[in-house]
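Okay, structure first, notes after.
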Amino acid sequence: KRLLGGGHHSIEAPYILYDESTECYYLYVSYGELTRDGGYQIRVFKSDKVDGDYVDMNGAAPDSTSSHDYYGLKLSGNYYLPGLEVGYKATGHNSAFIDEDGKKYVVYHTRFDKASEKHTPKAKQYFTNKEGWPCLLPYTTSQETISDTGYSKDEMVGRYYVINQGIGINSEVAEPVILYLDKNGTIEGEEVKGSWSFEEGSYYMNILVDEKEYSGIFCKMLDEAGIEVMTFSAVGNNESLWGVKY
C-alpha cells in the first residue's frame, strides 16, 4: 500500500514510530535534495492506524501530482540560532525513538553553512503539544528534562531570538528575529504583532504571530555553547516556530 506521495517527487527516508501517549503513528519523511543547498529537511504526518491515512496539520497529504512544499509539518530545515558557530543546513534523513525513561528523540544528519558537503549526526529531544504534534527543541540534546509543572512567568517572559522554519524547499537559512514576550501576554517586535499564553501547571503554551496560531511547549535547556536558556517550540499550519531567550 502506498502511504504517501508518488509521481517521482522528492520523498525519501520514511520512518514510522508509534507513541502510546498520543495513540498515534507518526510518519517521518525527508524532502529536498541531499546536498548542503538542496533544501533537505524533515517533515512529519500522523495517523491512528499504521497503514494510514497519514495527514498533516491541515488534514491533508500530497498525491502524485502535488507540490510537496504545502504538505507535512516541517520540523527542521536550514536555520541559524545564537549558540551555534555556524548555520545548520540539510537537516534530514531522520529516525526517531522513545527511550525507556519516556524521553522522545529525533536522530538525523546535518550539513553546515560552509562551502563543504561535510555532515555529522545530531540528536534532538522533542515533545508533543496538546494536539499531539511533535515540537522539536531548538538545540542538540543534552538529555534535558522538561518541567511537568511548567515554569514561572518570570522564567518565560523576556527577549527571544525566534525563527520560523516556514514550508519552503530551498537553500535559504531561517534567521532569527527578536521578539519580546511581555508579562501582559502581548508580543513586541519590529513590524510584528501578536500575543502569547501558557497553561498553568504545565509546559504547554500558545503563541499568535501576525495572525498565525502556533501550539507548543516551553523547555529550559542548554544551548550548544553550554549556556542554560529558556526555549519554546511551537507548530501551526505545518510551520515550526522556535524561540530562545537571551
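The values are calculated or read from the model by the stated rules, or taken from the named source; none is laboratory data. Note that the coordinates shown come from a computational prediction; the quantities given were computed from them, not determined experimentally. Please note: Cβ atoms are built from the backbone with ideal geometry, for glycine as well, and neighbour counts cover all protein chains shown. Protein only, heavy atoms only, side chains kept; ligands, DNA and RNA dropped before computing areas. Shrake-Rupley method; radii C 1.70, N 1.55, O 1.52, S 1.80 Å.
What is the dipole size for the chain, taken about its Cα centre, with +1 at each Lys and Arg Cβ and -1 at each Asp and Glu Cβ, in debye to the nearest 20? Rounded to the nearest 20 debye, it is 480 debye. Phi angles of region 50-67 translate, via the Karplus equation with coefficients 6.51, -1.76, 1.60 and θ = phi - 60°, into HN-Hα couplings of 5, 9, x, 7, 9, 9, 9, 5, 9, x, 10, 8, x, 10, 6, 10, 7, 7 Hz per residue; Gly and Pro are given as x. Taking all protein chains as present, what is the carbon and sulfur share of the accessible area of the chain, in % to the nearest whole number, probe 1.4 Å? That fraction is 46 percent. Couplings 3J(HN,Hα) for region 165-179, derived from phi with the Karplus relation 6.51 cos²θ - 1.76 cosθ + 1.60 (θ = phi - 60°), are 5, x, 10, x, 10, 7, 8, 5, 9, 5, 9, x, 10, 8, 10 Hz, where x marks Gly and Pro. Out of every Cα-Cα pair that the chain contains, those further apart than 23 angstrom amount to 47 percent. Averaged over residues, the count of other Cβ atoms within 10 Å places the peptides 129-136, 195-202 in the sequence 129-136, 195-202, highest first. Prolate is the label for region 52-93. Its Cα gyration tensor axes, ordered a ≥ b ≥ c, give a/c of at least 1.5 and a/b above b/c. Between the alpha-carbon centres of region 77-120 and region 143-213 there is a gap of 21 Å.
Charges were assigned to the Cβ only: +1 to each Lys and Arg, -1 to each Asp and Glu. The resulting dipole of region 1-146 about its Cα centre is roughly 380 debye.
The label-point distance for Asp182 and Ser202, in a model that sets each label 7 Å from Cα toward Cβ, rounds to 2.7 nm. With both labels modelled 7 Å from their Cα along Cα-to-Cβ, the Glu100 to Ser10 distance reads 4.0 nm. Per residue, the chain exposes 46 Å² of solvent-accessible protein surface, assessed with a 1.4 angstrom probe and all protein chains in place.
Taking a ≥ b ≥ c as the square roots of the eigenvalues of the Cα gyration tensor of region 126-246, is the shape rounded (a/c under 1.5), prolate (a/b larger than b/c) or oblate? Cα axes put region 126-246 in the rounded bin. Cross-link pairs exceeding 29 Å in C-alpha to C-alpha distance, out of Lys46/Lys193; Lys122/Lys193; Lys193/Lys245; Lys114/Lys193; Lys130/Lys193, comprise Lys46/Lys193; Lys122/Lys193; Lys114/Lys193.
Peptide packing for 39-45, 209-215 was compared via the average number of neighbouring C-beta atoms within 10 Å per residue; ordered from the highest value, the list is 39-45, 209-215. Net charge in the neighbourhood of Lys46 (other residues with Cβ under 15 Å of its Cβ; Lys, Arg +1, Asp, Glu -1) is -3. For region 1-135, the Stokes-Einstein estimate of translational diffusion at 10 °C and a viscosity of 1.306 mPa s comes to 103 µm²/s, using the Kirkwood hydrodynamic radius over alpha-carbon pairs. Sorting 221-228, 239-246 by their mean Cβ neighbour count within 10 Å, with the most densely packed peptide first, gives 239-246, 221-228. In this simple spin-label model, placing a label point 7 Å from the Cα along the Cα-to-Cβ direction at both Lys212 and Val55 gives a separation of 2.2 nm. Rounded to the nearest 10 square angstrom, Lys49 shows an accessible area of 110 square angstrom against a 1.4 Å probe. With charges only on Cβ, +1 for K and R and -1 for D and E, what is the dipole size of region 101-201 about its Cα centre, in debye, rounded to 20? About 440 debye. The residue list Tyr31, Met221, Asn129 was ranked by how far each Cα lies along the charge dipole of the chain toward its positive end, using unit charges on Cβ atoms, and Tyr31 comes out on top.
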